[in-house]
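Reading through the structure tokens given below for one structure.
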Amino acid sequence: MTNKTYYIQKICATAIAMLIVTACEDFVTIDPPQTTLSTTTVFNDEGTARAAVNRIYIDMMQYYQSFSSGGTSLNNMGGLAADEFDNFDTFNGMAQFASNEITPVNSNISTHWNQIYNLIYQANAVMAGLEKSSLTSTTKSKLEGEALFMHAYLHFLLVSYWNDVPWITTTDYVTNAKAERMPAAEVYQNIITELLLAKEKLPTESTQRIRPTKFAAAALLARAYLFTNNYTAAEQQATEVISQFPLESDLNNVFLIGSTETIFQLQSIIPGFNTWDGDAYIMVSTPQTVALSNGFMSAFEMNDARKLSWTNSYSEGAEIWFYPFKYKVRRLLNVNSEKTEYQVILRAGEQYLIRAEARANLSNLSGSLDDLNTIRTRAGLTSSLAATQAELLLAIEQERRIELFSENGHRWLDLKRTGRLDAVIGAIKPGWQSTDALFPIPQNERNRNSNLSQNPGY
């Protein structure tokens, strides 16, 4: 049995049982098919073709130990490796990230690498199936756009944390098993190319914003352009998004399902849970995963409303620990309780700060300051006093630290892409080495594929 045949059978046995229906784009249960369907049949039927795409979202949200959210997520790895979190997990190898002494045999590194590439494989299988599909052009274009977006997004995660990585575009397991690492600059360019194509194919709206849209593609493009120093393009894409997604005036509404500033979010599919991040972060006892570091908590300015709305604390005796409280619900009262939060991947708050940074680098200091102060005003703060380009860039770095904490690994990736890890993390971690900026390539993958080189320092 080929990998592709196995994948199609997996769709028919499991993914098709959880569809996002056209009318409401919500997960519902239907009876599984009685027989295995051929590749042609799967992608010539709208329901099973949609199920193939849905499988990607489902696999990102159904497990607690996932790269996308929860206690051992990439976000937590980055937050520990930077200065955001303190580690309290004694079982999952997370202490290595806090000390920046990650080994190539760390099980989380291997697990997340494999999870992401498995989903890339699924996206490739979807695109290959749709290429020969007889679906209507509208349906086919939408599903192709979603697969392209997810293919780009997943590679973006890989290149952000590991730098040079294999760019996988096929379901041929022989080819994939020998894949070499592609230079990061080429990976980013491929990501941008795919997102531009996805943007052409995707619709402008998605119920509850649980599917990628043109604006989700634009938002991820803005981030990719910022990472590659194409500031003009980053500003253009961010502006397009900002025009359609107004900021929530109430900070407590930002991470609710119906938030006006949410661009793309992953739907909760496990009964009794809103988000794995809410379950991992909200404390009902002494910390079991991570807590916000004292250094991070002291970085809030006086009267910053985000400290009150987006952090909370748990105390026991004289000890007190602070935790992210962007998601307000740890676990729902019962399995039938109505969901109120989904996992946010892209939101307008980030887009304002992307545009602020792009404008600062383009010497549009007044425009940059306007965007920076839009975020600060929402947080109840006075306008920034930054006047020069250098002052503005540092002020934006600080604002990103506070606005985007505990989200998608932003703090770690920001310091990495701006070359500031040595200055910031090196100053607070005695064992810091410049080579710690990249995570190691999993050793078990290198054992399987001799074409995979290791990152320096490992």
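Just a few scattered comments:
- Residue among SER141, SER69, SER73, SER134 that alone is within 29 Å of THR204 (Cα to Cα), surrounded by 18 or more Cβ atoms within 10 Å (Cβ to Cβ) and hydroxyl-bearing (Ser, Thr, Tyr): SER69
- Listed by position, the helices (runs of 4 or more DSSP H) inside the range 191-287 whose residues that are closer than 30 Å to SER315 by Cα number at least 1 are 276-281.
- Residues satisfying the criterion are absent from the range 35-42 (criterion: modelled with pLDDT of 95 or more and in a helix (DSSP H, G or I)).
- Within the range 113-131, tally of residues that are in contact with a Phe, Trp or Tyr (Cβ under 6 Å, 6 or more places away or on another chain) and not hydrophobic (A, V, I, L, M, F, W, C): 2
- Here the condition is being closer than 21 Å to ALA233 by Cβ and in contact with a helix residue (DSSP H, G or I) (Cβ under 6 Å, 6 or more places away or on another chain); of LEU346, LEU421, it holds for LEU346 alone.
- Scanning the range 427-457 for residues that are part of a loop (DSSP other than H, G, I, E, B) and either modelled with pLDDT under 95 or within 25 Å of THR228 (Cβ to Cβ) (or both) returns PRO430, GLY431, LEU438, PHE439, PRO440, ILE441, LEU452, SER453, GLN454, ASN455, PRO456, GLY457.
- Screening HIS155 against (1) at negative phi; (2) surrounded by fewer than 24 Cβ atoms within 10 Å (Cβ to Cβ) leaves a single unmet condition, (2).
- Members of the range 320-349 that are among the β-branched types (Val, Ile, Thr), touching a residue at least 24 places away in the same chain (Cβ under 8 Å) and surrounded by fewer than 16 Cβ atoms within 10 Å (Cβ to Cβ): VAL335
- Residue tally, condition closer than 28 Å to TRP276 by Cβ and outside any loop (DSSP other than H, G, I, E, B), over the range 399-423: 14
- ARG330 meets each of the listed conditions (1) more than 23 Å from ALA95 (Cβ to Cβ); (2) out of contact with any Asp or Glu (no Cβ under 9 Å at 6 or more places or on another chain); (3) in a loop (DSSP other than H, G, I, E, B); (4) not aromatic (Phe, Trp, Tyr) apart from (2).
- Residue pairs meeting the criteria (Cβ under 8 Å; at least 6 apart or on separate chains; first free of Cβ contacts under 8 Å to residues at least 12 places away in the same chain and over 22 Å from MET283 (Cα atoms), in the range 85-113; second surrounded by fewer than 17 Cβ atoms within 10 Å (Cβ to Cβ) and among the hydroxyl-bearing types (Ser, Thr, Tyr)): GLN96/THR103
- Residue check, TYR352 at pLDDT 95 or above, in contact with a Phe, Trp or Tyr (Cβ under 7 Å, 6 or more places away or on another chain) and either closer than 12 Å to GLU403 by Cβ or outside any helix (DSSP H, G or I) (or both): no
- As for the range 170-185, it holds no residue that is buried (at least 23 other Cβ atoms within 10 Å of the Cβ) and touching a residue at least 12 places away in the same chain (Cβ under 8 Å).
- Any hit, the range 151-166, residues being touching a residue at least 40 places away in the same chain (Cβ under 8 Å), more than 23 Å from ASN451 (Cα to Cα), in a helix (DSSP H, G or I) and out of contact with any Gly (no Cβ under 7 Å at 6 or more places or on another chain): yes
- Tabulated pairs, the range 246-275, first at positive phi, second part of a loop (DSSP other than H, G, I, E, B) and among the basic types (Lys, Arg), C-beta under 8 angstrom, 6+ apart or interchain: GLY272/ARG331
- Selection count where residues are in a loop (DSSP other than H, G, I, E, B), at pLDDT below 95 and not charged (D, E, K, R), scope the range 43-67: 5
- Answer from ASN87, ASN106, ASN92, ASN114 - the residue that is buried (at least 20 other Cβ atoms within 10 Å of the Cβ) and closer than 23 Å to GLN62 by Cα: ASN106
The values are calculated or read from the model by the stated rules, or taken from the named source; none is laboratory data. What you see is a predicted model, and the numbers here were worked out from it, not measured in a lab. Note: ideal-geometry Cβ built from the backbone for every residue, glycine included; neighbour counts use all protein chains shown.
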